[in-house]
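One structure below.
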Amino acid sequence: MTADEVQYALTYSQSSPFYIRSHLVVPNVHWGLGFNHELDLLSISMDTHIGTEIEIKVTKADMKRDLEKPHHHDDSRIRQFYYAGPREIEAAFFEFAPPEAGIITISHEYGCRWNCRMRRNAKPRKYFKSFTPDEIMRLLRLGNMRYWSQFHKQYRGK
């Protein structure tokens with residue numbers, strides 16, 4: 001399973017807690033909002049404007065390397081933090097993820113349907129702030145730029 005497939009499952013599967021019909025979800029967020037690290041996925045609930053970071057891992061080695069990062073996925077605008085990846089590395093998530101991190105596993109059932117399963121809920125951080133309307137507009141702009149950049153890459157030269 002690739003990171004792109006995990007992103008797809010997390011945003012398009014109705015079994016996902018970050019289904020795009022109820023959340024604003026933008027991949028690879030770093031610049032533009034002042035984060036000290038890149039967020040694989042940033043999800044903001046549409047009703048409360050509360051942010052959740054989802055870190056995607058597809059191998060056990062990738063999971064182990066994440067522990068060496070100095071930032072520890074810490075930001076005052078993130079209320080909850082999750083690891084997400086293939087069901088096949090579920091044991092690595094439980095072995096290496098800090099106890100406050102949530103865990104979501106992804107499987108591809110019957111060769112056609114993605115299933116997102118909450119294996120452990122993230123512990124909400126006590127001190128966080130909701131995203132402001134200005135920050136949400138900047139995130140929408142970043143998501144829009146990311147979409148059109150991918151579109152142009154796909155159709156360049158055709």
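Just so it is clear, none of the values below were taken in a lab; they were calculated from the coordinates. What you are looking at is a predicted structure, and each value in this text was computed from that prediction instead of being measured. Please note: Cβ atoms are built from the backbone with ideal geometry, for glycine as well, and neighbour counts cover all protein chains shown.
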Loop-resident GluC sites (Glu not before Pro) in segment 71-158 with no more than 15 other Cβ atoms inside 10 Å, DSSP not H/G/I/E/B, are GLU100
Considering only DSSP beta bridges where both residues belong to segment 3-155, give the percentage that are antiparallel (nearest 5).
60
Could you tell me what a quarter of the Cα convex hull surface of the chain works out to, in nm² with one decimal place?
10.3
Tell me which chymotrypsin sites (Phe, Trp or Tyr not before Pro) from segment 49-152 have a DSSP coil assignment and no more than 13 other beta carbons within 10 Å of their own.
TYR110, TYR127
In percent, how large is the relative contact order of the chain, given Cα pairs closer than 8 Å and 6 or more residues apart?
21
Only residues of segment 1-27 count here: report those whose backbone N is under 13 Å from the spot 7 Å along Cα→Cβ of ALA61, or say none.
none
Could you pull out the trypsin sites (Lys or Arg not before Pro) across segment 1-105 that fall in loop regions by DSSP (anything but H, G, I, E, B) with no more than 12 other Cβ atoms inside 10 Å?
ARG21
Plugging the Kirkwood radius over Cα pairs into Stokes-Einstein for segment 111-158, at a temperature of 37 °C and a viscosity of 0.692 mPa s, what D comes out in µm²/s?
219
